Amino acid sequence: MPPCLKESLLVSIDPTTRLPHRNPFLFLDCITSLEPGIRAEGTILRTHTPFFPPVLLVEAMAQLAGVAAIDREGELGVLAAIDRAEFFGSVAPGDCLAVSVRIVKTFGRLVLCEGEVTVDGRQAARATLTLGVGSL
């Protein structure tokens, strides 16, 4: 097991307990920190396919933001808009990606989030996302 996952598994939350996504559309391997309604951090280990489309980094941020945005059982966060996304290079197989999101503002059932993906401290992507939050 790679060191980045070994360290993060000490305080790991299985993302399948918080998201309806499953392989191959679940991009988070573990959620390492969670403060509902405030922020969350997670890890992705790139293990397959030589090419990883950068837009999937935005999807990973949206998945983590969905986990951070919900605070009641039975709620679900859904990506409503990508307000801004920037990419800074590519990620390669074997890279351990650190994903972090923070809730910037809530207005009604909409949640504005800022997210970032880093690889070994180097920023790979950042985005501002809007999520809709509601009951299943």
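The values are calculated or read from the model by the stated rules, or taken from the named source; none is laboratory data. Keep in mind it's a predicted model, so treat the numbers as computed, not measured. Here the Cβ positions follow ideal geometry from the backbone for every residue, glycine too, while neighbour counts run over all protein chains shown. Ligands, DNA and RNA are excluded from the accessible area calculation, which covers all protein heavy atoms including side chains. Shrake-Rupley method; radii C 1.70, N 1.55, O 1.52, S 1.80 Å.
Output the residues belonging to region 79-98 that are surrounded by fewer than 17 Cβ atoms within 10 Å (Cβ to Cβ) and aliphatic (A, V, I, L, M). Answer for region 79-98, where residues must be surrounded by fewer than 17 Cβ atoms within 10 Å (Cβ to Cβ) and aliphatic (A, V, I, L, M): ALA80, ALA81, ILE82, ALA85, ALA92. Being open to solvent by less than 50 Å² (accessible area, probe 1.4 Å) and on the phi > 0 side of the Ramachandran plot is a property that GLY37 has. Looking at the structure I just gave you, is ILE31 part of a strand (DSSP E or B) and in contact with a Phe, Trp or Tyr (Cβ under 7 Å, 6 or more places away or on another chain)? When the stated conditions are applied, ILE31 does not pass them. Here LEU76 clears all of (1) at pLDDT 95 or above; (2) open to solvent by less than 50 Å² (accessible area, probe 1.4 Å); (3) assigned to a strand (DSSP E or B) except the condition numbered (1). Among residues of region 99-109 being of a type outside the set (Val, Ile, Thr), at pLDDT 95 or above and surrounded by fewer than 19 Cβ atoms within 10 Å (Cβ to Cβ), the one that is farthest from PHE52 (Cα to Cα) is LYS105.
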